[in-house]
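One structure is given below, encoded as structure tokens.
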Amino acid sequence: MPDLRGAWRGTWGGAPLLLRVLEQDGAYVAGGVTVGPWPLTGDRLPGLTGVITYTVSGRPVSANVQGRFGDWDGRLTLVLDLLTQHVEQIVLTRVAQDRLAGSGTSIVTWGPQGPVELLRAP
């Protein structure tokens, strides 16, 4: 699993995007039984947590983000769930050691949509 901790800068649908990966471990639990936010059973998958800042209507918005690693067509894939009320998600693949690319969606029409490009910040 690549170490993605640190800052990543880029764009989402052409607007500025900043992702800060704070922790990376096997903390994401898929399936199973939960009581509120606490998982009681389920598979522990490699995952990460962080903060994302993106643009909505020309203004920066920050949210916590939870990510999980997976495999898509034989390529390592990262799915980021933005912990907002608008069900926003970004799906990324590793294009190069310090570059991630993919696309993002939001269920609200005024939310961010489209291609995502991220480069590791120095």
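The 1.4 Å probe gives accessible areas that order Asp81, Asp71, Asp98, largest first, as Asp71, Asp98, Asp81. For region 71-89, the residues whose backbone nitrogen is under 18 Å from a point 7 Å from the Cα of Ala101, taken along Cα to Cβ, are 72-79. Backbone phi angles across region 97-111, fed through the Karplus curve with coefficients 6.51, -1.76 and 1.60 (θ = phi - 60°), yield HN-Hα couplings of 4, 10, 9, 10, 8, x, 8, x, 9, 9, 7, 8, 5, 8, x Hz in residue order; Gly and Pro are listed as x. Would you please classify the overall shape of region 39-122 from the alpha carbon gyration tensor, given that a ≥ b ≥ c denote the square roots of the eigenvalues, rounded means a/c under 1.5, and beyond that prolate means a/b larger than b/c while oblate covers the rest? Here region 39-122 falls in the oblate category.
The phi-based Karplus calculation (6.51 cos²θ - 1.76 cosθ + 1.60; θ = phi - 60°) puts the 3J(HN,Hα) values of region 61-69 at 10, 10, 8, 6, 9, 10, x, 9, 8 Hz, whole numbers, x for Gly and Pro.
The values are calculated or read from the model by the stated rules, or taken from the named source; none is laboratory data. Nothing here was measured: the structure is a model prediction, and the numbers come from that model. Glycine also receives a Cβ, built like all others from the backbone with ideal geometry; neighbour counts cover every protein chain displayed. Side chains included, ligands, DNA and RNA excluded: accessible areas come from the protein's heavy atoms. Shrake-Rupley method; radii C 1.70, N 1.55, O 1.52, S 1.80 Å.
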